Amino acid sequence: MFARENPCEMELPQVKVKTEKEITEEAVATTLRRALRFYSTLQTEDGFWPGDYGGPLFLLPGLWCWMGHKMRQG
């Protein structure tokens, strides 16, 4: 949704690397700039990245901590 409202116009070329010897500081910098530009299009106006609710697995870490706390209490 936000990517449609704020389209990502990539002016930087895509870097293709076949071997480790082809990795240069310029290639890494270009790739990081492309990634930063792409992810900035997904941000909302106030600067956060919205997402869907993760479902039951989203609640699992909290449940796990709560259960551990309750089991320690006896």
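Could you grab me the full set of residues in the range 38-48 that are open to solvent by 60 Å² or more (accessible area, probe 1.4 Å) and over 25 Å from PRO13 (Cα atoms)? Give the derivation first.
Our first condition is that a residue be open to solvent by 60 Å² or more (accessible area, probe 1.4 Å); within the range 38-48, this holds for 38-39, 45-46, 48.
Matches in the range 38-48: GLU45, ASP46, PHE48.
What single numbered condition from (1) surrounded by 10 or more Cβ atoms within 10 Å (Cβ to Cβ); (2) at pLDDT 80 or above fails to hold for LYS18?
(1)
How many of the residues making up the range 22-37 are under 17 Å from the mean Cα position of the chain (by Cα) and either without any contact (Cβ under 8 Å) to a residue 24 or more places away in the chain or more than 11 Å from LEU12 (Cα to Cα) (or both)? Quick ask: steps written out before the conclusion?
As a first pass, look at the range 22-37 and keep what is under 17 Å from the mean Cα position of the chain (by Cα): 31-37.
If we keep only those that are either without any contact (Cβ under 8 Å) to a residue 24 or more places away in the chain or more than 11 Å from LEU12 (Cα to Cα) (or both) too, we end up with 31-33, 35-36.
So the count comes out to 5.
The values are calculated or read from the model by the stated rules, or taken from the named source; none is laboratory data. Here the structure is a predicted model, which is why all the values come from computation and not from measurement. Note that each Cβ is placed from the backbone with ideal geometry, even for glycine, and that neighbours are counted across all protein chains shown. With ligands, DNA and RNA removed, areas are computed over all heavy atoms of the protein, side chains included. Shrake-Rupley method; radii C 1.70, N 1.55, O 1.52, S 1.80 Å.
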